[in-house]
Structure formats: C-alpha cells, structure tokens
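Data first, discussion second: the structure below is written as structure tokens.
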Amino acid sequence: MNLFALSDLRAFQDAHTSDPAYDLARRHTRNQLVWLHDRIYGEMRARRWDVYFRPEWSFTPAQVSEQNPYIEALRLRYTKSEYVARLMHKQYGGAFAYDSFAWLGVGIDARGVFCEWNIPAAAKLDAQNFLNKLAQGSPEKKTIRQLLAELGGEGVLTLRAADEEILHVRCARLVDLNVLNSTLEKFAPGVHEWNLAIRFLVTDNRLLAASAPDELLYRLAQLYGLHQFGAWSPRNNFLPASNAQSTSGVAPQ
C-alpha cells in the first residue's frame, strides 16, 4: 500500500480547498505526514543536518478556518535552529517568524506528493544571501550547477510573485550557465518565492509505505545540499556587514 492514495487528492482540488466537509480527510492525510516525520527525523538528526522540526510550525493547518480559508496543500517543513533564527533576527532585523526563513519540506496537493526547498518571498535575507554567494564568481555557480544536475530531470524550479507564476523551469536546464544566469536575473529577494520541487504521483511504487521514508529522505538530502549552499547561517554568511544591527540591548523574543 502506498503512503498516500488518489482519494487523498480530492481535498486539495479547487472545488474543495475551502470546504470544511473535507477537514476530516485532510486530517487523515496530515496523520500520514506525522507518520513520515516519525520515521525520517531521527535519521536527519543522526546525519547532523542543520534543519529542525518546530512543533508549532512544521505541520501546516489541515482545517479550514478564518486564518486559513483555503487549504491547497499540506506540508511537513524543517527550518533553521531557533538559535540561528534568532541570531539572524538580531543582526539583520525583520520580523521573527519561521515563515520568513528558507525551509525544506514534504507535501501533498491536488497533483500529488512533492519534496521541496522553498525560499518564501518573506525570506528576503536568505534569498539575498543566496544571490550574494552566487555573485562571488564562477566556483559558486559551478557548485550550484552540480547540485542541480544531481536532481536529474525531476527537479523543477518555480518563481512566484503572490499567486502569479513568473517562471517554471526544469533543473536539468538550469545546469546550462546561460539559463541559470537568466533565471537568477528574474529572482528578486522580498518579491518572489523560490520553490524547487521534486514531484511524485501518489501511485508511484517508490511511495509504498515500506519504501517511502527512505525515498523521500533521499530526495530531501539532495535538496538539503542546496539549502546548505544558499540559506544564511553564521558559517554561510554573505550578507553585507554594513547591514548588521547592534545586538546590544536586544532581548530574545
């Protein structure tokens, strides 16, 4: 039996995204993500990945509410440690919220299952750090092209501004330096959401319950290389020092 079923996709179709009658089905699907988390997070910690589970944030809502009137997908997300998130907040300002940092995730929507590396539009500092690092020179662009090549033909990059899709390109094409440069020129930190996803049909044999945790963890590992490359951390700091704010007198929130 596969981890997800075709019937799970109905709750994310346009006609049902705001229908509370599908909340029970979405909660069942969310439980499958909880099951997956229980099987992959220990291995992520054993591998010393620098991304973390946040109980209050990592699972996106499954129930329609005033705060979440539309549920087009469910996600299991991992992001920075609280220490790194607060350090970034203190040094560079901005609102402290996990939605304003880059993250790795597994999710399901009306099209199927996906693993993704996402830099939300609100994650302006992570986006700028990523672009600043690539601007250092050809070695950095060679590195990211190698990481993109490892995704094969299944990886797809999408840029969005609000709900509008600006660009949709396969990672296999981004290995070409001209295509990569053209894509980076279109990416504006604070304006565009950067989403790099690997998709699966729910009927894919790789998503059998016995093999899905290993398969999805393998894909997350590929995307983790990109997250490590681009997301800000004290050891991966490509933000201008002149932007840093004094940390004196700033209390943790």
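Does the range 1-73 come out rounded, prolate or oblate by the C-alpha gyration tensor, with a ≥ b ≥ c the root eigenvalues, rounded set by a/c under 1.5 and, if not, prolate when a/b is larger than b/c and oblate if not?
Values: a/c = 3.12, a/b = 1.71, b/c = 1.83.
Taking the square roots of the gyration eigenvalues as a ≥ b ≥ c, the range 1-73 is oblate.
Would you grab the residues whose amide H sits under 5 Å from the one on residue 71? Only those 5+ places off in sequence or on another chain, please, with H modelled 1.01 Å from N.
18
Using the count of nearby Cβ atoms within 10 Å as a rough guide to exposure, how do 80, 90 rank from fewest to most? Before the final figure, lay out the partial values.
On the way: 80 23, 90 18.
The fewest-first ordering by Cβ neighbours comes to 90, 80.
HN-Hα J couplings of the range 24-40 from phi, Karplus 6.51/-1.76/1.60, θ = phi - 60°, integer Hz, Gly and Pro as x?
Values per residue, Gly and Pro as x: 4, 5, 5, 5, 4, 5, 4, 4, 5, 5, 4, 4, 5, 4, 4, 9, 10 Hz.
Pop the C-beta distance of residue 24 and residue 161 into the FRET formula with R0 = 25 Å and round what comes out to the nearest 0.05. Could the numbers behind the result be given before it?
Working: r = 34 Å, r/R0 = 1.37.
Taking R0 as 25 Å, the efficiency between residue 24 and residue 161 is 0.15.
Report the extension gain between residue 140 and residue 35 in nm, rounded to one decimal, defined as 0.36 nm multiplied by the number of residues separating them, less their alpha carbon distance.
That works out to 34.1 nm of additional length.
Could you please rank 233, 100, 138, placing first whichever residue has the fewest other Cβ atoms within 10 Å of its Cβ?
Numbers: 233 16, 100 19, 138 10.
Listed from fewest to most nearby Cβ atoms, that is 138, 233, 100.
What is the order of 224, 78, 92, fewest Cβ neighbours within 10 Å to most? List each step's numbers first, then the result.
Numbers: 224 20, 78 23, 92 17.
Least crowded to most crowded, the residues run 92, 224, 78.
Using a simple spin-label model with points 7 Å from Cα along the Cα→Cβ vector, what separation in nm is obtained for residue 110 and residue 188?
In this crude label model, residue 110 to residue 188 measures out at 2.8 nm.
Sum up the lysine pairs in the range 6-239 that clear both bars: alpha-carbon distance under 21 Å and a spacing of 8 or more or different chains.
Lysine pairs meeting both conditions in the range 6-239 amount to 12.
With each run of n ≥ 4 DSSP H residues scored as -39500 (n - 2.57), what mean residue ellipticity at 222 nm is computed for the chain after dividing by its residue count and rounding to the nearest 500 deg cm²/dmol? Can you show the working numbers first?
On the way: 7 runs with 91 residues, N = 253.
Using -39500 (n - 2.57) per qualifying helix, the result is -11500 deg cm²/dmol.
Which whole-Hz couplings ³J(HN,Hα) result when phi for each residue of the range 82-87 is put into the Karplus expression 6.51 cos²θ - 1.76 cosθ + 1.60, θ = phi - 60°, listed in order with x for Gly and Pro?
So the J values, rounded to whole Hz, are 4, 4, 5, 4, 6, 5.
Multiplying the sequence separation of residue 221 and residue 72 by 0.36 nm and subtracting their Cα-Cα distance, what value in nm do you get?
Length difference between fully extended and current span is 51.1 nm.
Rounded to whole Å, give me the distance from the Cα center of the range 220-236 to that of the range 22-71.
If you average the Cα positions of each part, the centres end up 21 Å apart.
What ranking, highest mean first, results for peptides 158-166, 120-128, 31-39 when packing means the other Cβ atoms within 10 Å averaged over each residue?
120-128, 31-39, 158-166
Laboratory data are not the source of any read-out in this text; all were calculated from the coordinates shown. Nothing here was measured: the structure is a model prediction, and the numbers come from that model. In this analysis, Cβ positions are derived from the backbone assuming ideal geometry, glycine residues included, and neighbour counts consider all displayed protein chains.
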